[in-house]
1. Restricting the search to region 54-85, which residues are surrounded by fewer than 18 Cβ atoms within 10 Å (Cβ to Cβ), of a type in the set (D, E, K, R) and free of Cβ contacts under 8 Å to residues at least 60 places away in the same chain?
2. Considering only helices (runs of 4 or more DSSP H) fully contained in region 2-97, which possess at least 3 residues that are within 22 Å of Glu169 (Cβ to Cβ) and modelled with pLDDT under 95?
3. Do we have Ser201 as small (Gly, Ala, Ser) and in contact (Cβ under 8 Å) with a residue 24 or more places away in the chain here?
4. Could you tell me whether any residue of region 130-142 is part of a loop (DSSP other than H, G, I, E, B), at pLDDT 95 or above and more than 20 Å from Gly35 (Cβ to Cβ)?
5. Give me the pairs: first residue in region 218-237 and charged (D, E, K, R), second residue part of a loop (DSSP other than H, G, I, E, B), beta-carbon distance under 8 Å, and six or more apart or on different chains, which are they?
6. Test Thr164 against the stated conditions and say whether it is under 23 Å from Ile222 (Cα atoms) and out of contact with any helix residue (DSSP H, G or I) (no Cβ under 8 Å at 6 or more places or on another chain).
7. Between a first residue in region 178-192 that is farther than 17 Å from Gly23 by Cα and a second residue that is aliphatic (A, V, I, L, M) and part of a loop (DSSP other than H, G, I, E, B), which pairs have beta carbons less than 8 Å apart while being 6 or more apart in sequence or on different chains?
8. Against the condition surrounded by fewer than 17 Cβ atoms within 10 Å (Cβ to Cβ), at negative phi and of a type in the set (Ser, Thr, Tyr), how does Thr134 come out, does it pass?
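The values are calculated or read from the model by the stated rules, or taken from the named source; none is laboratory data. What you see is a predicted model; the values in this text were computed from it and never measured. Note that we place each Cβ from the backbone using ideal geometry, even for glycine, and neighbour counts take in every protein chain shown.
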Amino acid sequence: MTERVKTGIKGLDEMLHGGLIEGRPYLVSGGPGAGKTILCMQFLMEGAKNKEKGLYISLEEPAAELKKDMVSFGWDLQGVKIMDATQEAGSGIWLLKTDSVMSKPEFNVTNLIKVINDKLVEYKPKRIVIDSVTSIRLLYERKTDMRRDLLSLINFLIKSGCTTMLTAETGSREGNSLMEEFLTSGLIKLHSIETRGERISAVSVDKMRGSDFDRHIRPMKITNDGIVVFSSESIFE
C-alpha cells in the first residue's frame with residue numbers, strides 16, 4: 001500500500017484521496033497572493049505535529065519576514081528550518097545563506113542541491129519546500145539549460161526520499177504551462193475566480209501520478225488558522 005503524506009489541509013487531503021504520495025516532488029502554482037506560501041508552510045506544520053522535521057528554502061522572501069508573516073496563524077516554527085537567499089550589496093549577486101558564517105555560496109542550482117544535501121545529512125528533514133522555482137528560472141537565458149538543471153534538481157529531490165513542495169508564480173494568461181508541471185509528480189493550482197460579481201479563491205489538483213484525485217475546482221479560504229478547502233462544494237453551479 002502506498003504511503004500517504006497529509007498536507008494538513010483536510011479538504012485538500014480529501015481531494016488528493018488521502019494525501020500526497022510519500023517521497024515525491026509536487027508543484028504548487030498560482031498568482032501573487034494566492035496562498036502558495038501559506039499552503040506550503042501548513043504542509044510543514046502538519047509534519048512538525050507528527051515529529052517530522054521540515055526544511056523551508058525561501059528564494060524570494062527573507063527568512064525573518066517569512067517568520068513574521070506566519071506568526072499571525074499562531075504557528076510554532078520550531079520544527080521547521082528556514083533558509084533563504086540574499087542579494088550581496090553592490091554586486092547584484094544572490095547568495096544562499098547557510099548556518100555557516102564563512103559559507104555563502106552563489107545562488108545556482110548546483111549550490112542549492114549541495115545546501116539541501118548538507119541539511120539532509122545534518123538536519124534529516126522529511127518534508128522540504130522550495131519557494132519559488134520562479135526565482136530559479138530567472139537565472140537562465142536558455143530554456144535548454146534551465147530544463148536540464150531543473151530536471152537535475154527534481155531527480156535529486158526524488159532520491160532524497162523527502163516529500164517536497166515547489167512553488168511557482170503563474171501569470172494572468174490561461175493555458176501558459178510551466179516546465180515544472182511536466183517534471184514534478186503532481187500539480188496543485190490555486191485560483192482567483194470571478195463569479196457572480198465577486199472574487200473567490202479556489203484550488204484544483206491538475207495532476208497526481210500514481211493515484212486518482214478529485215478533478216473539480218473547489219472553493220478555499222485563507223483564515224486565521226491557515227487555508228480551508230471546501231471539498232464538497234463547487235464554485236460552478
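1. Listed by number, the residues that qualify are Glu65, Lys67, Lys68, Asp69, Asp76.
2. Values: elements: 10-15, 36-49, 63-71.
In region 2-97, 63-71 are the helices (runs of 4 or more DSSP H) which contain 3 or more residues that are within 22 Å of Glu169 (Cβ to Cβ) and modelled with pLDDT under 95.
3. Values: small (Gly, Ala, Ser): yes; in contact (Cβ under 8 Å) with a residue 24 or more places away in the chain: yes.
So Ser201 fits the description; yes.
4. There is no residue in region 130-142 that is part of a loop (DSSP other than H, G, I, E, B), at pLDDT 95 or above and more than 20 Å from Gly35 (Cβ to Cβ).
5. Close Cβ pairs (under 8 Å, with a partner that is part of a loop (DSSP other than H, G, I, E, B)) amount to Arg218/Phe230; Arg218/Ser231; Arg218/Glu233; Arg218/Ser234; Arg218/Ile235; Lys221/Phe230; Asp225/Phe73; Asp225/Gly74.
6. Details: under 23 Å from Ile222 (Cα atoms): yes; out of contact with any helix residue (DSSP H, G or I) (no Cβ under 8 Å at 6 or more places or on another chain): no.
No.
7. Leu190/Ala34; His191/Ala34; His191/Ile217; Ser192/Ala34
8. Numbers: surrounded by fewer than 17 Cβ atoms within 10 Å (Cβ to Cβ): no; at negative phi: yes; of a type in the set (Ser, Thr, Tyr): yes.
No: the conditions fail for Thr134.
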